[in-house]
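K.L.:
My structure is below; once you've seen it, I'll send some questions.
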Amino acid sequence: MNKREERDHKFKLLFSTLFYPEEGKQEQLSHYSYSKEEDEDFLIPEKEEAHLSEEEEAYLSQEVMKILDLLPHLDERINAVTEGWTTSRMSKTDLTVLRLALYELEYQEETPDKVVFNEAVEIAKKYGGADSGSFVNGVLARITGKQTDGEEKGKSAKGKSGKSEKKSFHIVKSKAKEEKAPKRG
């Protein structure tokens, strides 16, 4: 199992726990199907490789249980940076992606932040709505104080000349006279 597959399984396991009472979450994890799905992300070369090993399954369950134990802390961190969007108002998909990514950022330091950001955005795009990727990216950037390209917030990028350049855009409004549309009667 590679890291992307691991992350995908963790997302699905964590997402599935959102629909059951606290005492039923462990049991729900035991019903999860660890077989690899054939989709654009995973190619199944051989039938015997279609299932994860018992060790991999145990590891995934353990990791998800750790995340579940840390939910109050993770949700507190998310709520602290989302203005007008508490975790109770977020889509379940976006919330699950944020929790998983924040867990990786804080507790699995061997994975570079940039990788966590990119993978979280990809999972959000795959399973979430049209704006999920940008929403997840924005929340993670506010939590960590970093942009997805690894730059600190508020610092400008260096251009080809090596000098600091600020990126900006301008809205140009046409001064052409607006014509009134004829009234429909």
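The values are calculated or read from the model by the stated rules, or taken from the named source; none is laboratory data. Predicted, not measured: the structure shown is a model, and the values here were computed from it. All Cβ positions, even for glycine, are placed from backbone atoms using ideal geometry, and neighbour counts span all protein chains on display. Heavy atoms of the whole protein, side chains included, go into the accessibility calculation; ligands, DNA and RNA do not. Shrake-Rupley method; radii C 1.70, N 1.55, O 1.52, S 1.80 Å.
K.L.:
Tell me, which residue of the stretch 6-25 that is modelled with pLDDT of 90 or more and of a type in the set (Asp, Glu) is nearest to Lys92 (Cα to Cα)?
P.N.:
Asp8
K.L.:
Filter the stretch 77-101 down to residues that are among the aliphatic types (A, V, I, L, M) and assigned to a helix (DSSP H, G or I) and give me whichever is farthest from the chain's Cα centre (by Cα).
P.N.:
Looking only at the stretch 77-101, we keep the residues that are among the aliphatic types (A, V, I, L, M), and these are 78, 80-81, 90, 95, 97-98, 100-101.
Checking which are assigned to a helix (DSSP H, G or I) leaves us with 78, 80-81, 95, 97-98, 100-101.
On the way: Ile78: 12, Ala80: 17, Val81: 15, Leu95: 8, Val97: 4, Leu98: 5, Leu100: 7, Ala101: 6 Å.
The qualifying residue farthest from the chain's Cα centre (by Cα) is Ala80.
K.L.:
List pairs: first residue in the stretch 84-100 and buried (at least 21 other Cβ atoms within 10 Å of the Cβ), second residue among the aliphatic types (A, V, I, L, M) and assigned to a loop (DSSP other than H, G, I, E, B) anywhere in the structure, Cβ distance under 9 angstrom, at least six positions apart or on different chains.
P.N.:
Short answer, once both residue conditions are applied: Leu98/Met90; Arg99/Leu70.
K.L.:
Further, regarding this structure: Do we have Gln28 as surrounded by 13 or more Cβ atoms within 10 Å (Cβ to Cβ), more than 17 Å from the chain's Cα centre (by Cα) and either more than 19 Å from Ala120 (Cβ to Cβ) or modelled with pLDDT of 60 or more (or both) here? Explain how you work it out, then say what you get.
P.N.:
Values: surrounded by 13 or more Cβ atoms within 10 Å (Cβ to Cβ): yes; more than 17 Å from the chain's Cα centre (by Cα): yes; either more than 19 Å from Ala120 (Cβ to Cβ) or modelled with pLDDT of 60 or more (or both): yes.
For Gln28, the condition - surrounded by 13 or more Cβ atoms within 10 Å (Cβ to Cβ), more than 17 Å from the chain's Cα centre (by Cα) and either more than 19 Å from Ala120 (Cβ to Cβ) or modelled with pLDDT of 60 or more (or both) - is met.
K.L.:
Could you please let me know if Leu74 is more than 19 Å from Glu6 (Cα to Cα), open to solvent by less than 30 Å² (accessible area, probe 1.4 Å), part of a helix (DSSP H, G or I) and at pLDDT 85 or above?
P.N.:
Details: more than 19 Å from Glu6 (Cα to Cα): yes; open to solvent by less than 30 Å² (accessible area, probe 1.4 Å): yes; part of a helix (DSSP H, G or I): yes; at pLDDT 85 or above: yes.
Yes; evaluated as a whole, the condition is true for this residue.
K.L.:
Go through (1) outside any helix (DSSP H, G or I); (2) within 24 Å of Asn2 (Cα to Cα); (3) in contact (Cβ under 8 Å) with a residue 12 or more places away in the chain one by one and return the number of the condition Asn137 breaks.
P.N.:
(1)
K.L.:
Still on this structure, I have one more. Taking the stated definitions as given, is Tyr103 closer than 16 Å to Phe15 by Cα, of a type in the set (Ser, Thr, Tyr), crowded, with 20+ Cβ neighbours inside 10 Å and out of contact with any Lys or Arg (no Cβ under 6 Å at 6 or more places or on another chain)?
P.N.:
On the way: closer than 16 Å to Phe15 by Cα: yes; of a type in the set (Ser, Thr, Tyr): yes; crowded, with 20+ Cβ neighbours inside 10 Å: yes; out of contact with any Lys or Arg (no Cβ under 6 Å at 6 or more places or on another chain): yes.
Yes, satisfied.
K.L.:
Criterion first (within 16 Å of Leu18 (Cβ to Cβ) and of a type in the set (Phe, Trp, Tyr)) does Tyr103 satisfy it? Reasoning before the result, please.
P.N.:
Details: within 16 Å of Leu18 (Cβ to Cβ): yes; of a type in the set (Phe, Trp, Tyr): yes.
Judged against the criteria, Tyr103 is a match.
K.L.:
Please state which of the following conditions Asp149 fails to meet, knowing it meets all the rest: (1) of a type in the set (D, E, K, R); (2) modelled with pLDDT of 95 or more; (3) surrounded by fewer than 16 Cβ atoms within 10 Å (Cβ to Cβ).
P.N.:
Result: Asp149 fails condition (2) only.
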